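Written below as structure tokens is the structure these notes are about.
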Amino acid sequence: MKINVQAAAASNVYYPRNRKLIWLLSGILLLAATGLLAYEFSEMIAALFLLQGSYFLWYSFTTRLVISPAGIAFDSLGVYTVVTSWSNVERIVHIPCSTGGTIRALILREPAASGWWYRDVALLPEHRGRVIPLSAPRWGQPRGCGRLCEIEEKIQHYAAQAVP
């Protein structure tokens, strides 16, 4: 069954924290690229600045977490998405990453991921396609608990079984 979480009227959309800082960095890189091209300094360096600035902008607009009464959706760069209903949500846990460390994540009963699989490669094989990250890339989480608590409260509201 296909659900449209993002079209729900009461959706809450969370973008990565420091989004405005990402925009500032993107602007600086793009201005530097145009300045380098204007002075014919180095086309290769200008191209690298242009690509990096464009990537940061793309990341800041396309990576998001959407919570609605219909379900939850995670979109990473527009190329990897996890969209599911609340009935597929199992629990919130800390899970290990293959790159080391742990992340706070929402585990799903059944895989619901689509898109480029390499975005999921840092996870252990048993979690691939079944995880929505909550703590990394830090959804607007300032000091202390911040918005992570808000996100977990919303998840508990719609899927009480998720929070122990």
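The values are calculated or read from the model by the stated rules, or taken from the named source; none is laboratory data. Computed from a predicted model, the values in this text were never measured in an experiment. Cβ placement follows ideal geometry from the backbone for every residue including glycine, while neighbour counts extend to all protein chains displayed.
If we keep just the residues of segment 39-77 that are in a loop (DSSP other than H, G, I, E, B) and without any contact (Cβ under 8 Å) to a residue 40 or more places away in the chain, which is nearest to the chain's Cα centre (by Cα)?
First, pick out the residues of segment 39-77 that are in a loop (DSSP other than H, G, I, E, B): 39-42, 63, 69-70, 77.
Next, from what is left, pick out any that are without any contact (Cβ under 8 Å) to a residue 40 or more places away in the chain: 39-42.
Details: Tyr39: 37, Glu40: 37, Phe41: 36, Ser42: 34 Å.
Only one residue fits best here, namely Ser42.
Yes/no per residue for (1) modelled with pLDDT under 80; (2) touching a His at 6+ places or on another chain (Cβ under 8 Å); (3) more than 24 Å from Leu134 (Cβ to Cβ):
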| residue | (1), (2), (3) |
| --- | --- |
| Ala9 | yes, no, no |
| Val13 | no, no, no |
| Leu48 | no, no, yes |
| Phe61 | no, no, no |
| Asn88 | no, no, no |
| Ile92 | no, no, no |
| Leu106 | no, no, no |
| Glu110 | no, no, no |
